[in-house]
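Here's the structure, in structure tokens; my notes come after.
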Ligand code: FPP
Ligand code: MG
């Protein structure tokens, strides 16, 4: 497995801004930690096909910068107060600085892709960010509404799936594998599984483990899979009287009681099983399969 410490120190090293406040925001965000699942996936896909994956390290850093930028922007959009167990960066540095700092991290990521990657790698990550930002808009305009399962998957494929796709696609590409588009495609299922677990934990996870309060999605009026999976067992009027409202706790408990969290975890496993089946055809896939399982087994 990849050494997290090495990744974290490279993340600090490549940041290299001229303006002190950008460095402060970067350090604050990097030192708050995080699972680093996207760079790890990239490196492990690369290792499936090549013994020399040093070449992919700056690109792994770059994918985490994109993730960082997206969370900084997302916390401004969501008006978040906490992230990774600390006050969110928008609360410390202010919305304006955080939006602009996010721009710096995103641009630095593209710079790393241009300098250490190749045009195809730049195309894969840009494709992912175009998908992400459009899905965030879709999510924004669906807040407070009960959406369909199809709309839900459209949103999560973009907001989370796309960057997982790019991670896995770039990992395969840089290892010289001709299957990089297949890895981009299958990465979407890994991202789906990851987001489904996130959405399950938002209903029933522990705040201590998550580093952010549970129940955020219902507070923000985000309609996610735990609710969608039991919606036919509920009266819509009853749901709408509680969805995004003060008395939302009653709705959260009801969704848990009806099995919404279990349904969501089951759905996440189905996605991961598809991926495991695909990667099993490659030699050396066992470490990667363990990693895939950890995506759905996590409790934070
Ligand atoms: C968190 O979702 C948000 C995302 C996974 C994606 C955010 C994407 C963008 C803002 C667009 C891309 C922008 C750039 C600069 C690359 P969430 O709110 O459901 O999760 P949370 O509870 O962790 O906040
Ligand atoms: Mg958010």
Completion exercise
Taking every C-alpha to C-alpha distance in the range 1-144 and binning by 5 Å from 0, the per-bin percentages run 2, 9, 19, 22, 20, 15, 8, 4, 1, 0
Fill in the blank from the handout: Place a point 7 Å from the Cα of residue 52 in the direction of its beta carbon; the residues of the range 91-129 whose amide N falls under 18 Å from it are 116-118
Handout entry: Convex hull (Cα only) mean projected area of the chain, reported in nm² to one decimal
Key = 14.6 nm²
Problem - P(r) weight above 20 Å for the range 220-300, C-alpha pairs, percent - result: 47 percent
Exercise for the section: Could you please state, rounded to a whole Å, how far the C-alpha centre of the range 1-66 is from the C-alpha centre of the range 163-239? Expected result: 22 Å
Practice task
Kindly express, to the nearest 10 degrees and within the range 0 to 90, the angle between helix 95-116's C-alpha long axis and the longest C-alpha principal axis of the chain.
Solution key: 40 degrees
Fill in the blank from the handout: Rounded to the nearest whole number, the Stokes-Einstein translational diffusion coefficient of the range 140-199 at 20 °C and 1.002 mPa s (Kirkwood radius, C-alpha pairs) in µm²/s is 177 µm²/s
Completion exercise
Of the convex hull drawn through the C-alpha atoms of the range 241-286, the volume per residue in Å³ is 95 Å³
Handout entry: Label-to-label distance, nm, for residues given as residue 103 and residue 143 (7 Å Cα→Cβ offset)
Key = 2.2 nm
Fill in the blank from the handout: Subtracting the Cα-Cα distance of residue 115 and residue 247 from 0.36 nm times their residue separation yields 42.3 nm
Practice task
Pop a pseudo-label 7 angstrom from the Cα along the beta-carbon direction at both residue 3 and residue 91 and give the gap in nm to one decimal.
Solution key: 3.4 nm
Completion exercise
In nm, the gap between the two label points placed 7 Å beyond Cα toward Cβ at residue 10 and residue 262 is 4.3 nm
Exercise for the section: Can you tell me which of 274-285, 74-85, 151-162 comes out highest on packing, and rank the rest after it, using the mean Cβ neighbours within 10 Å? Expected result: 151-162, 74-85, 274-285
Exercise for the section: Mind pulling the angle between the C-alpha long axis of helix 260-279 and the longest principal axis of the chain? Nearest 10 degrees, somewhere in 0 to 90. Expected result: 30 degrees
Problem - Degrees between helix 37-49 axis and first principal axis of the chain (Cα, 0 to 90, nearest 10) - result: 50 degrees
Problem - Cα-based Rg of the range 86-196 normalised by 2.2 N^0.38 Å, two decimals - result: 1.20
Exercise for the section: Would you kindly work out the equivalent ellipsoid of the range 116-255 from its C-alpha gyration tensor and give its semi-axes, the square roots of five times the eigenvalues, largest first in whole Å? Expected result: 34, 15, 12
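Computed from the coordinates by the stated procedures, all read-outs in this text should not be read as laboratory data. It should be emphasised that the depicted structure is a prediction, and the values quoted were computed from it without experimental measurement. All Cβ positions, even for glycine, are placed from backbone atoms using ideal geometry, and neighbour counts span all protein chains on display.
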